[in-house]
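As structure tokens, the structure follows; a few thoughts come after it.
No value in this document is a laboratory result; all are computed from the given coordinates. What you are looking at is a predicted structure, and each value in this text was computed from that prediction instead of being measured. Every residue, glycine among them, receives a Cβ derived from its backbone with ideal geometry; neighbour counts consider all protein chains shown.
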Amino acid sequence: LLMTLFSFQTKAQETEQSKEERMAWFKDAKLGIFIHWGIYAVNGIDESWSFHNGYITYEDYMKQLNGFTAKNYDPEYWAKLIKESGAKYTVITTKHHDGVALWNTKQGDLNVIDKTPAKKDLITPFAKAVRKEGLKLGLYYSLLDWSYPDYPNFLRNEKRYKEDDKRWNKFTKFNFGQLKELTAYDPDLYWFDGDWEQKAEKWKAKEIRELLFKETPSTIINSRLQGYGDYATPEQGVPVNKPKDKYWELCMTMNNSWGYQPNDTKYKSLNQIIRIFVDCINMGGNLLLDIGPKADGTIPEEQVEILKGLGKWTNKHAAAIYGTRAGIPFGHFNGYSALSKDKTILYLYVDNKPNGPLLIKGLKNKVNRAWVVGNGTKLKTDVVGKLYWSKVPGLLYIDLPEHVQDENVTVIAL
Ligand code: FHN
């Protein structure tokens, strides 16, 4: 009890140091895999938004419940594949804005057990498989619920609840009930979404945070809880400048869809994804890369291929990924970089074929040696412009011969 009381955190109580300890795995993880899985995969249409935006009626959207079989669902394989990609954590949609729960919720019956041919809880075996692979578990949960009869529903032209406290309280009770159920999975991370429709007081964001920390004291919450989260969650675009937030994560799709959409064949190449990934590392953030499994539970081939390709690259360059910290300003090196946690190693990510030697300017330390990460080749360096009174190079040139270059992004360590 004492332990729980001590670790029970509200925003005001937590010190910077205890937050650092709580956030440590997340800061070091760098790569996570996001999973958008739901009935929208049946027709292969936009998750929830397709009825919100009027591409399909709500009734027709819900007919997808009948086609959600999950018959080839293999959570162990999913977890293995995620591990193989080099990700250290994964975040799965337990409930999207359409309100369909993927676990055995006791709050109402809009869930895959009661309403779809899948007829089984999909989150429990996934959570188990994820733990078995030594990965951290994140649960995505949409605060807004466009199916719940007492949630202000645009389908009924109810824009906002101002007046009907009774119905809103009913909805809040439902939300808290579902969240309490999710705490049983002991998630390492709660990934909220859909908070934009109401203010913090309305969601009871502070109370949600308190509930989650009471049940899962060392967990982490993303930013989408109207100011009651732990880290920033930019979406789809890598920030142009290093975010001010100490902790952040870019969530991004492989093509242009979160869920499975066979029509969307516009996949980013592995090379593009790796370059986006090192862009995040360079600014001290994480990448949460999304996959969208089919309604039967198979992961589309293109996505498997990207995860495996990513795995080859992350495995080879592990030293320059996990636990690194943001790199040096572009003025020093015309490209992405990162520092080892103890700041003794500088990693340079070379994402283009260099035309000549690479240049690093304004170093404050003597460089002992340079080598190619994941290959070990020591590189020739050439110091130019070193003044007689200075111990550090003015200009440091590094030769990067063709035969040691990676087909995607080469990493040099100094
Ligand atoms: O509306 C959702 C969207 O469908 C998807 O789930 C993404 C993932 O970050 N979040 C929302 C929009 O911010």
Exercise. Determine the shape class of the stretch 172-239: with a ≥ b ≥ c the square roots of the Cα gyration tensor eigenvalues, call it rounded for a/c under 1.5, and otherwise prolate if a/b is greater than b/c, oblate otherwise.
Key: oblate
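Determine the gain in length on full extension of the stretch Lys199-Asn315; use 0.36 nm per residue of separation and subtract their C-alpha separation, reporting nm with one decimal.
Full extension of this stretch gives 37.5 nm more.
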Practice problem: Assign unit charges at the C-beta atoms only (+1 for Lys and Arg, -1 for Asp and Glu), then state the dipole size of the chain relative to its Cα centre in Debye, rounded to the nearest 20. | Solution: 1380 debye
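Based on the Cβ-Cβ distance of Glu133 and Asn256, what FRET efficiency does E = 1/(1 + (r/R0)^6) give at R0 = 35 Å, to the nearest 0.05? All intermediate terms of the calculation are to be shown ahead of the outcome.
On the way: r = 29 Å, r/R0 = 0.82.
With a Förster radius of 35 Å, E is 0.75.
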Quiz item: Can you give the angle from 0 to 90° between the axis of helix 75-85 and the longest principal axis of the chain, with both taken from C-alpha atoms, to the nearest 10?
Solution: 20 degrees
Self-check item: Considering only the chain, percent of DSSP beta bridges that pair antiparallel, nearest 5
Solution: 45 percent
Exercise. Sort Thr69, Thr344 so the one with the fewest other Cβ atoms within 10 Å of its own Cβ comes first.
Key: Thr344, Thr69
Quiz item: If Lys and Arg each add +1 and Asp and Glu each add -1, what is the summed charge of the other residues whose beta carbon sits under 9 Å from the beta carbon of Gln226?
Solution: +1
Quiz item: Could you give the angle, 0 to 90 degrees to the nearest 10, between helix 270-282's Cα long axis and the longest principal axis of the Cα atoms of the chain?
Solution: 80 degrees
Quiz item: In which sequence would Lys63, Lys95 go, from the one with the fewest C-beta neighbours within 10 Å to the one with the most?
Solution: Lys63, Lys95
Practice problem: Starting from the Cα of Glu14, step 7 Å along the direction of its Cβ; do the same at Asp245; then give the gap between the two resulting points in nm. | Solution: 1.3 nm
Practice problem: Could you state, as a whole-number percent, how many of the C-alpha pairs of the chain are farther apart than 42 Å? | Solution: 20 percent
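What length, rounded to one decimal in nm, is gained on full extension from Asp28 through to Lys80, with 0.36 nm per residue of separation minus their alpha-carbon distance?
Details: separation 52, 0.36 × 52 = 18.72 nm, distance 2.02 nm.
The Asp28-Lys80 span can extend by a further 16.7 nm.
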Practice problem: For the stretch 136-153 and the stretch 49-94, compute the distance between their C-alpha centroids and round to whole Å. | Solution: 15 Å
Quiz item: So how far apart, in nm, are the two label points at Asn53 and Ala326 if each is 7 Å from Cα heading toward Cβ?
Solution: 3.3 nm
Practice problem: Please arrange His52, His403, His317 by counting, for each residue, the other beta carbons lying within 10 Å of its beta carbon, fewest first. | Solution: His403, His52, His317
Quiz item: Relative to the longest principal axis of the chain, what angle (0 to 90°, nearest 10) does the C-alpha long axis of helix 16-29 take?
Solution: 80 degrees
Quiz prompt | FRET efficiency estimate (nearest 0.05) - Cβ-Cβ, Lys361 to Ser340, R0 22 angstrom | solution = 0.60
Quiz prompt | Helical mean residue ellipticity (222 nm; -39500 (n - 2.57) per DSSP H run of 4+; nearest 500) of the chain | solution = -8500 deg cm²/dmol
